[in-house]
Amino acid sequence: MIGARIGSVPSVVDSHHHFWDLAELEYEWMPPGDNVLRQNRLPQHLKPLIDEVGVTRTVIVQAHSSMEEARWLLQLAAENDFVAGVVAWVDLADPNVGDSLDQLQQDPYFKGVRHIWHDEPDDGWIMLPGVLNGLKELADRGIRYDLLPRPQHLGYIPRVLDAVPDLRTVVDHIAKPLIAEGVFEPWLSDLKRVAEIPSVHCKVSGMVTEADLENWQAEDLTPYVRNVVEMFGYDRLMFGSDWPVCTLAGSYEQVFRAAEHALGPMSDADRAAVFGGNAERFYSL
């Protein structure tokens, strides 16, 4: 049982989930019509789910490109003991992005920045001069950056880190390989090149929604995760649920168990790192 094995982990951290209130903001990326995503997802909905599997702390990640959401998420973090940090959005291309960061850095729960890169029409968005200037601002301030790529974006990451070598980054959702189709290349080769950069971490998250939504099994994820373990080692991986996006394919508990299964047998020290310590260190929780 996962619960029995996870008991050896001092503090179990979910490094990646979201909250939203549809009365507050419109999330244009959500599928239209009545579906599992188009309902409010708030701390009171997540708390019993994390309690069930033994997660004790979480990191909220932005799902809306606005400072309004950033401020709202920071307020939720202050009001809920289990939330350890927030990865928020800022407009990286804004010449005055430092002003936004000045505001956010006044809040102890602000831990990093993310932009929904994989929805940009230009795959090379991250190489735009204005964006690179914003990433340099993050690096200068020691702020972590969540990369949100699909396989076709991976080739840009070494170029970004050549330009901004001090930027500490984490690849979300193992870069969303085509699990449902059983496709590995060019994801595998390109992610290996990314993993050769020592400052880059990777989240074991977001995989079930890249698998067959109706018929996935933990074994479908295993070959992808084992490759990621080989590339990054256990010391640069962190578990994330991607709740509630994951509910398109499975429950919180199913996602948690699938990640543990796909990661395979681990020492107590490695398990403590992947399911807690690495996220705590990376985000300074």
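Pairs are defined by a Cβ separation below 8 Å, a sequence spacing of at least 6 or placement on different chains, a first member in region 73-85 that is closer than 23 Å to residue 53 by Cα, and a second member that is among the β-branched types (Val, Ile, Thr) and in a helix (DSSP H, G or I); the pairs so defined are 82/50. Would you call residue 196 modelled with pLDDT under 95 and over 23 Å from residue 14 (Cβ atoms)? No; evaluated as a whole, the condition is false for this residue.
Being under 18 Å from residue 152 (Cα atoms) and surrounded by fewer than 23 Cβ atoms within 10 Å (Cβ to Cβ) is a description that applies to residue 183.
Quick one: which of 175, 139 is among the hydrophobic types (A, V, I, L, M, F, W, C) and under 19 Å from residue 97 (Cα atoms)?
From the options 175, 139, the qualifying one is 139.
If the condition is being under 18 Å from the mean Cα position of the chain (by Cα) and free of Cβ contacts under 8 Å to residues at least 12 places away in the same chain, then region 168-188 contributes no residue at all.
Applying the set (1) crowded, with 20+ Cβ neighbours inside 10 Å; (2) of a type in the set (Val, Ile, Thr); (3) not in a loop (DSSP other than H, G, I, E, B) to residue 208 leaves exactly one unmet item: (3). Across region 101-142, the number of residues qualifying as in contact (Cβ under 8 Å) with a residue 12 or more places away in the chain, more than 18 Å from residue 165 (Cα to Cα) and charged (D, E, K, R) comes to 4. The residue pairs whose first member lies in region 33-52 and is touching a residue at least 40 places away in the same chain (Cβ under 8 Å), whose second member is loosely packed, with under 13 Cβ neighbours inside 10 Å and in a helix (DSSP H, G or I), and whose beta carbons are closer than 8 Å, counting only pairs six or more residues apart or on different chains, are 43/79.
Suppose we keep only residues that are in contact with a helix residue (DSSP H, G or I) (Cβ under 6 Å, 6 or more places away or on another chain) and β-branched (Val, Ile, Thr) within region 162-178. Which one would you say is nearest to residue 147 (Cα to Cα)? Reasoning before the result, please.
Here is the first cut: in region 162-178, the ones in contact with a helix residue (DSSP H, G or I) (Cβ under 6 Å, 6 or more places away or on another chain) are 163-164, 166-167, 174-175, 177.
Within this subset, residues satisfying the condition of being β-branched (Val, Ile, Thr) are 164, 174.
On the way: 164: 14, 174: 10 Å.
Selected residue: 174.
Within region 191-223, the set of residues being of a type in the set (D, E, K, R) and either within 20 Å of residue 243 (Cα to Cα) or over 19 Å from the mean Cα position of the chain (by Cα) (or both) comprises 193, 196, 203, 210, 212, 214, 219, 220.
Of everything in region 249-285 that's polar (S, T, N, Q) and not in a helix (DSSP H, G or I), which residue is surrounded by the most Cβ atoms within 10 Å (Cβ to Cβ)? Show your work before the answer.
Taking region 249-285 as the starting set, the residues that turn out to be polar (S, T, N, Q) are 251, 254, 267, 278, 284.
Keeping just the survivors that are not in a helix (DSSP H, G or I) gives 251, 267, 284.
Values: 251: 15, 267: 10, 284: 11.
Ranking the qualifying residues of region 249-285, first place goes to 251.
Find the residue count for region 80-113, including only residues that are out of contact with any strand residue (DSSP E or B) (no Cβ under 7 Å at 6 or more places or on another chain) and either over 16 Å from residue 130 (Cα atoms) or of a type in the set (D, E, K, R) (or both). Before the answer, list the steps.
Kept after step one, since they are out of contact with any strand residue (DSSP E or B) (no Cβ under 7 Å at 6 or more places or on another chain), are these residues of region 80-113: 80-81, 91-103, 105-108.
Then keep just the ones that are either over 16 Å from residue 130 (Cα atoms) or of a type in the set (D, E, K, R) (or both); that gives 80-81, 91, 94, 99, 102-103, 105-108.
Going through region 80-113 one residue at a time, the tally reaches 11.
The values are calculated or read from the model by the stated rules, or taken from the named source; none is laboratory data. A quick note: this is a predicted structure, and the numbers were derived from the prediction, not measured. Reconstructed Cβ throughout: ideal geometry from the backbone, glycine too, with neighbour counts over all protein chains shown.
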